[in-house]
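What follows is a single structure, written as structure tokens, with notes after it.
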């Protein structure tokens, strides 16, 4: 599929171990980024003259949806904008710049600044099912599992600021501050999950 | 040692001259104070200084004790839960929270004490006792665990069944069953459910309810019992009905049917309607039937043409998963009914974030002045009507 590890087609691979040639697909499903326009924005003007916008006066923001890349932006009158829905960091930046251009054309003195990726959400599927009770027992207190509250076990890596949710089917969702951390988190947790696998066929 | 000479004039004529209650030694020649004693010999302990025990803390401890008495737990659990409540109450995370949250905290302390001392109990029981929002209880429980650094073991469903049957189920005489038989049958059904991916990721109480209901029906599969719905059963047994239990019953029946089909002496087709009569046999010969069912299923899969061998493209992953669900006898619902992942747009392959953005592209996001006027007019008309 993709040659380089962090290619813009938003999947990342890593070799599970040296003997196993199969790679694990980490699919980035959402990237949240913020930036500032360094000027006040009149939300009513944006709501009137922009298309694909939803004005929410009760909250004090405007939602603007871009078609390409598929991004939703929350625009506040202070000039702070949050973009969600991108599938890679570069796509998020492109979408943010496109939005800034759009606001510029609407007549605001926009200066694209302080762009920062805040959160990345990725999903990954292990080729085996996981015995969550064993996984939690082996990794206390970093891992926690309360079946009555949530069906997944939560594993938090403080150093990477990443949170991993492991489901018994082997599906894993990872949230972290950037794609690099997310991939590292999966690499770190993989051997722990491998230890606690349960056979898929019963 | 008391100084004999005055530091001011150097004279040695020093007399004891107390100022009210404070003892002082004064030089007669120059009048300077050479030394003075303490004003009071003991610290004064008045009502303003003494700390009264906190009323809400005491109330909370009594509340957790009451819950322990209702649950009829050991003395050790009562003491442990009070200790934890005391600790948690004084922790900064819980000191200034609302009284409702403190009540929930008492419930969580009881729960964690039961877990630590191996007394099988579910969160649902505590929810019933304190009658609070499940989200709030979950939140308080997680916070308490992290604040007090407790590592509580996970409760297995099979351990909880016995206590649930003994304490919560109150069947009248004509519907009663020996609790040992009921427990044995319900535990076996839950173990079968666990092997068939029915238990994992689901809340335990509806599964227990489904297992107990099916166990009760199967121990004496009379027409009357088979006709009794789950709702009626819950009314008879005086327990609350949980809606997901209906789905669990259907899933367990489906799993039982897969095994029931392999019973050699049953001639008729085993369907969810008549499977309850065969439950005892199925559970007795569970492992043998499971082996037979797996062999049959494998033969069936090998006979059908293999469609997953050669396939490329973004759908490969989904197809592999779908086949995984078909290849095995039991699979989780998320695999059997796998969601199709949305196809990645090929145009965005080479995005770097710093491309040129053409004006025409941006114009598609901006209304023309005429359009803006029309929009404003339409909005006004809409607001007026």
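Quick grid of which residues meet (1) surrounded by 20 or more Cβ atoms within 10 Å (Cβ to Cβ); (2) free of Cβ contacts under 8 Å to residues at least 24 places away in the same chain; (3) outside the structural domain of residue A:181 (by TED's automatic domain parsing):
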{"residue": "A:65", "(1), (2), (3)": "no, yes, yes"}
{"residue": "A:69", "(1), (2), (3)": "yes, no, yes"}
{"residue": "A:78", "(1), (2), (3)": "no, no, yes"}
{"residue": "A:81", "(1), (2), (3)": "yes, no, yes"}
{"residue": "A:99", "(1), (2), (3)": "yes, no, yes"}
{"residue": "A:104", "(1), (2), (3)": "no, yes, yes"}
{"residue": "A:113", "(1), (2), (3)": "no, no, yes"}
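Scanning region A:159-177 for residues being surrounded by fewer than 18 Cβ atoms within 10 Å (Cβ to Cβ) and farther than 12 Å from residue A:188 by Cβ gives a total of 5.
The single condition among (1) more than 13 Å from residue A:46 (Cα to Cα); (2) at pLDDT below 90; (3) more than 8 Å from every other protein chain (Cβ to nearest Cβ) that residue A:125 does not meet is (3). The set of residues in region A:30-63 being over 17 Å from residue B:364 (Cβ atoms), loosely packed, with under 15 Cβ neighbours inside 10 Å and within 12 Å of another protein chain (Cβ to nearest Cβ) consists of A:44 alone. Can you tell me how many residues in region A:139-152 are more than 10 Å from every other protein chain (Cβ to nearest Cβ) and touching a helix residue (DSSP H, G or I) at 6+ places or on another chain (Cβ under 7 Å)? Count: 2. Of all residues in region B:242-256, those being in a loop (DSSP other than H, G, I, E, B) and either surrounded by fewer than 17 Cβ atoms within 10 Å (Cβ to Cβ) or more than 23 Å from the chain's Cα centre (by Cα) (or both) number 1. Of the residues that make up region A:135-148, is at least one more than 23 Å from residue B:202 (Cα to Cα), in contact with a strand residue (DSSP E or B) (Cβ under 6 Å, 6 or more places away or on another chain) and part of a strand (DSSP E or B)? Checking region A:135-148: not a single residue is more than 23 Å from residue B:202 (Cα to Cα), in contact with a strand residue (DSSP E or B) (Cβ under 6 Å, 6 or more places away or on another chain) and part of a strand (DSSP E or B). Filtering region A:164-202 to residues that are assigned to a loop (DSSP other than H, G, I, E, B) and over 21 Å from residue A:90 (Cα atoms) leaves A:167, A:168, A:169, A:170, A:196, A:199, A:200, A:201, A:202. Taking the numbered list (1) farther than 21 Å from residue B:70 by Cβ; (2) touching a residue at least 40 places away in the same chain (Cβ under 8 Å) in turn, residue B:168 passes all entries but (1). Residue count for region A:101-111 under the criterion of being more than 9 Å from chain B (Cβ to nearest Cβ) and either assigned to a helix (DSSP H, G or I) or at pLDDT 90 or above (or both): the result is 5. The numbered conditions (1) over 19 Å from residue A:32 (Cβ atoms); (2) in contact (Cβ under 8 Å) with a residue 60 or more places away in the chain are all true for residue A:179 except (1). Counting only helices (runs of 4 or more DSSP H) that sit wholly inside region B:103-220, those with at least 3 residues that are at pLDDT below 85 and within 26 Å of residue A:136 (Cα to Cα) are B:157-167. Scoring residue A:22 on the criteria (1) at pLDDT 90 or above; (2) within 13 Å of another protein chain (Cβ to nearest Cβ); (3) not in a loop (DSSP other than H, G, I, E, B) leaves a single failure, condition (1).
Taking each residue of region A:31-54 that is assigned by TED's automatic domain parsing to the domain that holds residue A:79 and modelled with pLDDT under 90 and looking for partners that are part of a helix (DSSP H, G or I) and buried (at least 18 other Cβ atoms within 10 Å of the Cβ) with beta-carbon atoms closer than 8 Å, six or more apart or interchain, yields A:50/A:102. Checked against the criterion of being farther than 17 Å from residue B:241 by Cα and not assigned by TED's automatic domain parsing to the domain that holds residue B:72, the candidates B:214, B:182 yield just one match: B:182.
To keep it simple, each residue is scored yes or no on (1) part of a loop (DSSP other than H, G, I, E, B); (2) in contact with a helix residue (DSSP H, G or I) (Cβ under 8 Å, 6 or more places away or on another chain); (3) more than 9 Å from chain A (Cβ to nearest Cβ); (4) modelled with pLDDT of 80 or more.
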position	(1), (2), (3), (4)
B:292	no, no, yes, yes
B:301	no, yes, yes, yes
B:312	yes, no, yes, no
B:343	yes, no, yes, no
B:354	yes, yes, no, no
B:362	no, yes, no, no
B:371	no, no, no, yes
B:380	no, no, yes, yes
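The one condition from (1) without any contact (Cβ under 8 Å) to a residue 12 or more places away in the chain; (2) more than 13 Å from the chain's Cα centre (by Cα) that residue B:99 does not meet is (1). So for region B:83-90 (the condition being in contact (Cβ under 8 Å) with a residue 40 or more places away in the chain, surrounded by 14 or more Cβ atoms within 10 Å (Cβ to Cβ) and under 25 Å from residue A:147 (Cβ atoms)), does at least one residue qualify? Yes: one or more hits.
The values are calculated or read from the model by the stated rules, or taken from the named source; none is laboratory data. Quick caveat: nothing in here was measured; it's all calculated off a predicted structure. A quick note on method: Cβ atoms are made from the backbone with ideal geometry, for glycine too, and the neighbour counts reach across all protein chains shown.
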